[in-house]
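Student: Once you've had a glance at the structure underneath, I'll fire off some questions.
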Amino acid sequence: MLQQTQVSRVMQKFPVFLKRFPTLRKLARAKSSDAIRAWRGMGYNNRVLRLQQLARIIEQHFDGRLPERVEQLRELPGIGPYTAHAVACFAFGKQVPVVDTNIARVLHRLFPTNGGRRSPGSTKPGGAETWELAGRILPKNRAYEWNQALMDLGATLCTGRSPRCGLCPLQTLCPSAHTVRHDKRKPTRPERGRGGTPNRIFRGRIVEVLRNLNGRGSISSSLLAKSVKQDYQHRDRRWFTELLDNLERDGLVQLRKFKSGVRVSLPEK
């Protein structure tokens, strides 16, 4: 939930979602449409489908219980090095390093690499060298507290754009203290969309309309198009069809073709 979503919003939605699906088994056995409805207000709806896919695999191969070891977690779809280590450490108390963007930034500034390959201001999590360093300096039997502390330090003081070195408890030990140049924001590529509105916004609107059908089940694609784009015209038809096809490919909608046209609904699998 925290991926690309503000903490304040997650704090509101997480208890509601957990009440609806208190266990991985409950989520695994639910209809995808119910999972999507429960994800209301979170955005990036394909996340809940990936979460449900994960829950179904865990039910099938691990009797509905999340595995504890990093190696087992890494075998699950959608779980990379950071997530595997974070779950192992914070959920199961395993003595393993955790490297996210904030922790990587702190480590790169405390231990800048030789040869200028990485600047103290870098915010990229890095590869094997960063993970090796994180494991080497991990205090014995203090992984939980240590990793949490590094995360907090990177999120509050050792930030990417405006590090507050004067308040940092490590400023006398850090070779990068008071020397970091403020990172400049890289220009972002314009998103594909229509009339200045990104496609991801229209995707979210489509799913929201389907959530609110109140038992009707499906809606015609033409009515759906006018519901999400008030100035919808015939020339938008190809663009909207592509939107629906992509949503169906992602598993977020179900399309049924009839002589009278296309009907759209949430998936019922």
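Coordinate-derived values only; no laboratory data. Please read these numbers as outputs of a predicted model, since none were measured by experiment. Every residue, glycine as well, gets a Cβ built from its backbone with ideal geometry; the counts of neighbours run over all protein chains shown.
Student: Averaged over all directions, how much area does the convex hull of the C-alpha atoms of the chain cover when projected, in nm²?
Tutor: On the way: hull surface 72.0 nm².
With the hull built on Cα positions only, its mean projection is 18.0 nm².
Student: Rank these for me by crowding, L18, L157, going from fewest to most other beta carbons within 10 Å.
Tutor: By the 10 Å Cβ count, ascending, the order reads L18, L157.
Student: Net charge around R29, counting only other residues with Cβ within less than 11 Å of its Cβ (Lys, Arg = +1; Asp, Glu = -1)?
Tutor: +2
Student: Still on this structure, please answer the following. Apply the Karplus parameterisation 6.51 cos²θ - 1.76 cosθ + 1.60, with θ equal to phi minus 60°, to every residue of segment 139-149 and state each ³J(HN,Hα) to the nearest whole Hz, in sequence, with x for glycine and proline.
Tutor: Rounded to whole hertz, the list is x, 5, 6, 10, 4, 4, 5, 5, 5, 5, 5.
Student: So, one more: Could you state, as a whole-number percent, how many of the C-alpha pairs of segment 1-160 are farther apart than 26 Å?
Tutor: When every Cα pair of segment 1-160 is considered, 37 percent fall beyond 26 Å.
Student: What stretch of the chain, leaving out the sites themselves, is the longest with no GluC sites (Glu not before Pro) in a DSSP loop having at most 16 other Cβ atoms within 10 Å?
Tutor: That would be 76-190.
Student: Using a Förster radius of 22 Å, what is the FRET efficiency between K19 and N212 based on their Cβ-Cβ separation? Nearest 0.05, please.
Tutor: Between K19 and N212 the formula returns 0.60.
Student: With the alpha-carbon atoms as the only input, what is the per residue convex hull volume for segment 7-90 in Å³?
Tutor: 99 Å³
Student: Relative to the Cα centre, what is the charge dipole magnitude of the chain, using +1 at the beta carbon of each Lys and Arg, -1 at the beta carbon of each Asp and Glu, and rounding to the nearest 20 debye?
Tutor: That gives the chain a dipole magnitude of about 1000 debye.
Student: R161 to I201: extension gain in nm, 0.36 nm per residue of separation minus the Cα-Cα distance?
Tutor: Extra length from R161 to I201 when fully extended: 11.6 nm.
Student: Taking the simple approach of a point 7 Å from Cα along Cα-to-Cβ for both E191 and E132, what is their distance in nm?
Tutor: 3.9 nm
Student: For segment 193-265, which semi-axes, largest first and in whole Å, follow from the square roots of 5 times the eigenvalues of its Cα gyration tensor?
Tutor: So the three semi-axes of segment 193-265 are 18, 14, 12 Å.
Student: In degrees between 0 and 90, to the nearest 10, how far off the longest principal axis of the chain does helix 199-211 point, with axes built from Cα atoms?
Tutor: Value to nearest ten degrees: 60.
Student: Rank the residues R256, R47 as a footprinting-exposure proxy: fewest other Cβ atoms within 10 Å of their Cβ go first.
Tutor: R256, R47
Student: Fewest to most neighbouring Cβ within 10 Å: what's the order for H85, H234?
Tutor: H234, H85
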